[in-house]
Amino acid sequence: MADIRTIGVGNPGVKSSSFNSTSFQKKTRSKLLSIPGTRPSVQNGQLLVSTGVTSLDFLLGGGLAVGAVLLIEEDRYDSYSRMILKYFLAEGVVCQHELFLASAQDSPDDILKELPSPIMDDVAIPKPMEQPRLSSDPQDSLEAMKIAWRYQNLPKVQSTLTSSSRFGHYYDVSKTMEAEIQQAAKCHRFYLPDHPNQTAPTHSPMLESYSALLKSLQEVIQKEGFEVSKSRNILRIGLHSLGSSLWGDDLCCCDNPKHAHALTTFLYGLRALLRSSLAVAVVTVPSHLIQNRALMGRIAKLCDTAIALESFKGSEMETNPLYKDYHGLLHVRQVPHLNCLASQFPDHRDLAFKLKRKQFSIERLHLPPDLSETVSRVSRVELPGAASTASVCGLSTSANKHLDF
Amino acid sequence: MLLELLQGGDSGGFLLIQDTANYSGRHLLKSFINAALRRDEEVHVFCFETSEEELKEGFQEVQRLHIHNAYEDPLGWTKKAVFTVQQFSLNDLTRVIKLTPHQKTPIVVIDSLSWVLRHVCTTAVCSTLHQLKKGGFVRAIIGLLHADMHQKGTVGSVRHLSTSLITVTPSIMGDNCQAKITKRTKSGKVLQDEHTFSIKEDLTVMLLKSSNTAPQQMVQEEHEIDPTANLTFNLRLSDKEREAKEKLSLPFMFSKEKKKAILHSGANLGRILYEPDANDDFDQEDPDDDLDV
């Protein structure tokens, strides 16, 4: 059927094979754009791009929708949020998208120099999720478990989040991207100290820095032609640490900031710009500095997808044995529902991330079995203590008799 | 890590000493200045909170120490102020620093940032510090901040800018002081450390005890011991015993058809599967037949 053929254009074998979905393919009459590095979503036909981190793609329902904004709430020392921004930009370079990077703290050239290098040969291939063995040979499946045979057909616990179809690329964090590959990609830069003190329109609640940024974005989109009707490529926008004091915003400094509406107005304008063009934006905000939680809620509502990173470094959770395999927790605050009624929230809410050399993995946090010796026995030290305090209770006589079976 | 910071290895950094009313960080600040002077560096101090004489106390070599006195008239009420708070901007600072000629790029010490933050808005201070750090005119910036004088957001914003942060608190015993150090390396790694130290008369730092940064490993490694060895009774199985064990039919082990039916029983609900047990007397006759009712 001609229609089903067009869906598989970007990635062969896009037929969904995750456990919950069916093999139903929606018939679409419209011609789908075939831009390298994108694929249509299997849930609602939206055009998706990869964020550069395959586990994050899986979490967000296949990838980041084109025309949407991803908000990352930074961790305390801005190490992992910066890493995700770099992954996003590196993915853009590899897929030959155009980049736009804006920063007030570090020069965009410095950030671009630190992009991780892509792993060209597919060494780290994720294992596909295990299919339930409903239709397999009954002999084999029933011999597998002798006593607990009722549990045979349940899927095994899959802690790493992967999907079976490869979409993104893998990057090696210990090496930086070679200069040739990086220079092949077109990158527009916006470094705030280069745009000093422009006069903002007086009626706008937006700050001058944000107005300048928005204007620059608008120029790039118009000049390079990223509007939906005439575009053949995607623009990836990375905005680093918006809302911090270096942008001139006192959102992070005061409990009642004067410029309470500056960032929210900017995000509103950004989203309007993105909806009418083929662009994706990733915005990082130092939310740990923002004292007013209502403002943070407003900022999250104005972006489409919002995740928060919480790193264990420096907090007391670093020494907790529960968290010793991971570098931090990841909270999914908001998932968009674009052109559909319900959003695809991830099944598991307690997620932890770990930055390995070749992969940024996001896993479900589950309690390991407690193998210590005193796990389920009443501690014998406590009983004599209880006996001394409880004078005439029945406990005192039987305190010394430990019932052992 | 405190001693490494005192040696002042990396350039282009912003070291922030954060103190509270319980313990003043000025002694530590002076020991940093002392260490820099010992290394023959040019030090420019902008002092807002102490007088020049009080600051110069305790230093031996003062020819490389340039003090910009903002203590006498910080807000410029008399027209003869040496340095005012309003001059805390990139252009004025670099102009003032460039007035004195020197061979090496200087180190700028600000005592204290809290004073500046009370009179100039936080965003301006942050952007000045950031530009000073990036500008290349100064080698390093050391600032003192009183954390209890400002809102949490302000303190957080200045801390966010710093490459190294030392938080001083009084230690439990005596006059010593405890310092928690967080350092951000250029590669993005974050290192942390904790020290107890005291400062001697000649402004050198003496470390008393530094606690381990690595958490105590509570999990002891358990060696794999075979639990079935060294017992007075036998816990192992011989081959014949293993066969007999596998032949044993357990109470809820069903035949293959019944298992399959139970596992895939989505389609045909309501089917009753009965397998007679060994003890069951499966008699097809209705026991109510011989009732005479």
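A:ALA294 falls short on exactly one of the conditions (1) assigned to a helix (DSSP H, G or I); (2) in contact (Cβ under 8 Å) with a residue 24 or more places away in the chain; (3) not basic (Lys, Arg), and that condition is (2). Looking at the structure I just gave you, is A:LYS354 within 30 Å of A:SER174 (Cα to Cα), touching a Phe, Trp or Tyr at 6+ places or on another chain (Cβ under 8 Å) and basic (Lys, Arg)? Answer is yes for this residue. Entry remark, the range B:190-207: residues being outside any loop (DSSP other than H, G, I, E, B) and without any contact (Cβ under 8 Å) to a residue 12 or more places away in the chain number 2 in total.
Across the range A:303-321, which residue is farthest from A:GLY61 (Cα to Cα) among those that are crowded, with 20+ Cβ neighbours inside 10 Å and hydrophobic (A, V, I, L, M, F, W, C)? Within the range A:303-321, the match that is farthest from A:GLY61 (Cα to Cα) is A:LEU309.
Tell me yes or no: at least one residue of the range B:40-51 is within 20 Å of B:LYS200 (Cα to Cα) and either hydrophobic (A, V, I, L, M, F, W, C) or over 29 Å from the mean Cα position of the chain (by Cα) (or both). First the steps, then the outcome.
So the first thing to find is which residues in the range B:40-51 are within 20 Å of B:LYS200 (Cα to Cα), and the list is none.
Among the residues of the range B:40-51, not one is within 20 Å of B:LYS200 (Cα to Cα) and either hydrophobic (A, V, I, L, M, F, W, C) or over 29 Å from the mean Cα position of the chain (by Cα) (or both), which makes the answer no.
Within the range B:166-184, no residue satisfies the criterion of being surrounded by fewer than 17 Cβ atoms within 10 Å (Cβ to Cβ), aliphatic (A, V, I, L, M) and closer than 21 Å to B:THR50 by Cβ.
Given the criteria outside any loop (DSSP other than H, G, I, E, B) and either at pLDDT 75 or above or in contact with a His (Cβ under 8 Å, 6 or more places away or on another chain) (or both), does B:ASP292 qualify? Considered against the rule, which asks whether it is outside any loop (DSSP other than H, G, I, E, B) and either at pLDDT 75 or above or in contact with a His (Cβ under 8 Å, 6 or more places away or on another chain) (or both), B:ASP292 comes out as no. For the range A:241-262, how many residues meet the condition of being under 24 Å from the mean Cα position of the chain (by Cα), within 21 Å of A:LYS215 (Cα to Cα) and within 13 Å of chain B (Cβ to nearest Cβ)? Qualifying residue count, the range A:241-262: 3. Within the range A:277-285, identify whether any single residue is part of a helix (DSSP H, G or I) and away from chain B (no Cβ under 11 Å), and answer yes or no. Among the residues of the range A:277-285, not one is part of a helix (DSSP H, G or I) and away from chain B (no Cβ under 11 Å), which makes the answer no.
Per-residue answers, yes or no, for (1) under 11 Å from B:ILE17 (Cα atoms); (2) buried (at least 16 other Cβ atoms within 10 Å of the Cβ); (3) hydrophobic (A, V, I, L, M, F, W, C):
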residue	(1), (2), (3)
B:LYS133	no, yes, no
B:ILE142	yes, yes, yes
B:HIS150	no, yes, no
B:LEU161	no, yes, yes
B:SER164	yes, yes, no
B:LYS186	no, no, no
B:GLN192	no, no, no
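Applying the criterion of being within 14 Å of chain B (Cβ to nearest Cβ) and either modelled with pLDDT of 80 or more or under 18 Å from the mean Cα position of the chain (by Cα) (or both) to the residues of the range A:322-338, the residue that is surrounded by the fewest Cβ atoms within 10 Å (Cβ to Cβ) is A:ASP325.
For the condition in contact with a helix residue (DSSP H, G or I) (Cβ under 7 Å, 6 or more places away or on another chain), farther than 21 Å from A:ARG76 by Cβ and either in a loop (DSSP other than H, G, I, E, B) or in contact (Cβ under 8 Å) with a residue 12 or more places away in the chain (or both), what is the one hit in A:LEU267, A:LEU274, A:LEU242, A:LEU263?
Within the list A:LEU267, A:LEU274, A:LEU242, A:LEU263, the selection yields A:LEU267.
If you go through the range B:144-157 and keep only what is within 14 Å of another protein chain (Cβ to nearest Cβ) and either over 22 Å from B:THR50 (Cα atoms) or of a type outside the set (A, V, I, L, M, F, W, C) (or both), you end up with B:HIS150, B:GLN151, B:LYS152, B:GLY153, B:THR154, B:GLY156, B:SER157.
The values are calculated or read from the model by the stated rules, or taken from the named source; none is laboratory data. Treat the numbers as computed from the prediction; the structure is a model and nothing was measured. Note that we place each Cβ from the backbone using ideal geometry, even for glycine, and neighbour counts take in every protein chain shown.
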